[in-house]
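Novice: Right, I'll just put the structure down here and ask away after.
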């Protein structure tokens, strides 16, 4: 009878013999897990630079200034819109009154009303000419003095500073 072989991994074993030329596969022993060591709790220290605090304070201040300027701008816009509405109504009333006035200035009606009040036309004997003396006076304004460039720059910065103070007050 032919020998039968069985396989153990990649090695062939004779099933009739007790002794095998192949070694059985060994599984490595599993090492136990290392016990978890408790790590001491580290205290977290928060270190904040004074420049960070100063920068944050400046940023918050600027944010507040922007918010307040938007609030002020909204108030001014509502005031402007109210004034524009008032201007529009006054313009309409002005146009209406001007039209009424122009309608009432009919020359024939004025002459007729004058006759009703007992007025008469001017006669040539009533006209008198008056001569005014040659001493008429006029007022001459002098041109403003020219300033040098430094005075103009200084005045521009002063005006800018006054406008900024007026805006934020």
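Values quoted throughout were computed directly from the atomic coordinates according to the rules given, and no laboratory measurement underlies them. On a predicted model such as this, the values are computed, not experimentally measured, just so you know. Cβ sites come from the backbone with ideal geometry, for glycine too, and all protein chains shown count toward neighbours.
Novice: Using 7 Å Cα-to-Cβ label points, what is the residue 41/residue 103 separation (nm, one decimal)?
Specialist: Computed distance between label sites residue 41 and residue 103 equals 9.2 nm.
Novice: Would you please classify the overall shape of the stretch 52-138 from the alpha carbon gyration tensor, given that a ≥ b ≥ c denote the square roots of the eigenvalues, rounded means a/c under 1.5, and beyond that prolate means a/b larger than b/c while oblate covers the rest?
Specialist: Working: a/c = 10.52, a/b = 2.57, b/c = 4.09.
Oblate is the answer for the stretch 52-138, as a/c is 1.5 or above yet b/c matches or exceeds a/b.
Novice: 7 Å from Cα along Cα→Cβ at both residue 68 and residue 165: what's the point-to-point distance in nm?
Specialist: It is 1.7 nm.
Novice: Taking 0.36 nm per residue of separation and subtracting the Cα-Cα distance, what length does fully extending residue 89 through residue 31 add?
Specialist: Values: separation 58, 0.36 × 58 = 20.88 nm, distance 9.57 nm.
Residue separation times 0.36 nm, minus the Cα-Cα distance, leaves 11.3 nm.
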